[in-house]
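Here is the structure we will look at.
The values are calculated or read from the model by the stated rules, or taken from the named source; none is laboratory data. The structure presented is a predicted model; accordingly, all values stated were derived computationally and were not measured. Methodologically, a virtual Cβ is constructed for each residue, glycine included, from the backbone with ideal geometry; neighbour enumeration extends over all protein chains shown. Quick note on the areas: whole protein, heavy atoms, side chains included, nothing else; ligands and nucleic acids left out. Shrake-Rupley method; radii C 1.70, N 1.55, O 1.52, S 1.80 Å.
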Amino acid sequence: MIRRLLLWDVDGTLVRAGELGAAVFDSALEMVLGMKPTSRVRMSGKTDPQIVQEYLEQMGVEETDERVDAILRGIEVQLAAASADGELAAGGSALPGVGAALRILAADDRVLSTLVTGNVAPNAFLKVAAFGLDQWLDLEVGAYGSDDADRNRLVPIAVTRVASARGVLLDPTDVWVIGDTPRDLECARAAGSRCLLVGTGRYSSEELAPLGADAVFDDLSNVDAVVNLLAGDL
Ligand SMILES: [Mg+2]
């Protein structure tokens, strides 16, 4: 019986996609608009549609739904190609402890792990699959940038999917968000859920510590501590 839902962020938390994560936006923007951005927007903790909206504003291009959708399709095409080439797996990595922690938690049938990420769903799937992490995750019930541009709406989407697809109704306090930015904490709190922040993305654990998450770790390499925090009280 599932009693705990773990919502893992992707970039900076489970994996590092390397240069490719940003490069796919450059290529998709060029494909659709005929020009590349002159500088990159900060992407940490943002949803893919939000990143596209910021690029359009920065480039002085009018935002239309058609344009945003076309660019989002572009980043899917670009990442799928990079994944098929092996470029994604070669240029990125799973972060320390992640594989072991997900494997141990997946063996506990009281715990369900999935993703809450700003990535559009196909790109989230490719990023975790490139490092063999998809086997420990119930990807179907996750929530993605393709579901909503506002990250704060994603936790309830995942909780609703778990209820309808797995028949388990969970209280927000049974839910942990594991992420690497203040935006991950914000989306956890918006849903009344708990939050573990890790210093493996753009923010160090020292920068994240004062924000008031339930826990802050330098990284996920202390697997016993991670498993104990997220499932030790069950
Ligand atoms: Mg992240």
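What percentage of the solvent-accessible surface of the chain, computed with a 1.4 Å probe over protein heavy atoms, is contributed by carbon and sulfur atoms?
In the chain, the share of accessible area belonging to carbon and sulfur is 47 percent.
Nearest 20 debye, what's the magnitude of the dipole of the chain about its Cα centre given +1 on Lys and Arg Cβ and -1 on Asp and Glu Cβ?
340 debye
Placing +1 on the Cβ of each Lys and Arg and -1 on the Cβ of each Asp and Glu in the range 44-120, which of 53, 98, 80 has its Cα farthest towards the positive end of the resulting dipole?
Looking along the dipole axis, the top candidate is 98.
Where does the range 1-77 land on Rg/Rh, using Cα atoms and the Kirkwood Rh?
My calculation of the ratio gives 1.07.
Could you give the length gained on full extension between residue 207 and residue 84, defined as 0.36 nm per residue of separation minus the Cα-Cα distance, in nm?
Extra length available between residue 207 and residue 84 comes to 40.6 nm.
What does the charge dipole of the range 1-112 about its Cα centre add up to, to the nearest 20 debye, if the Cβ of each Lys and Arg holds +1 and the Cβ of each Asp and Glu holds -1?
Dipole about the Cα centre, nearest 20: 620 debye.
For the Cα atoms of the chain, what angle does the longest principal axis make with the long axis of helix 48-58, in degrees from 0 to 90, nearest 10?
So the helix axis and the longest Cα principal axis differ by about 40 degrees.
Which residue, 151, 189, 16, tops the fluctuation ranking in a GNM of the chain built on C-alpha contacts under 10 Å?
189
Assuming R0 = 45 Å, what is the FRET efficiency of residue 107 and residue 26, from their Cβ-Cβ distance, to the nearest 0.05?
0.65
Of 71, 204, 231, which is farthest towards the positive pole of the chain's charge dipole, taken about the Cα centre with +1 and -1 on the beta-carbons of Lys, Arg and Asp, Glu respectively?
The residue sitting farthest along the positive end of the dipole is 231.
Given a 10 angstrom Cα cut-off, can you work out which residue in 180, 148, 65 is the most mobile in a GNM of the chain?
In the Gaussian network model the winner is 65.
Measuring from label point to label point, each 7 Å out along Cα→Cβ, what is the residue 163 to residue 35 span in nm?
So the label points at residue 163 and residue 35 sit 4.7 nm apart.
On a 0 to 90° scale, report how tilted helix 20-33 is relative to the longest principal axis of the chain, with both axes built from alpha carbons and the result rounded to the nearest 10.
40 degrees
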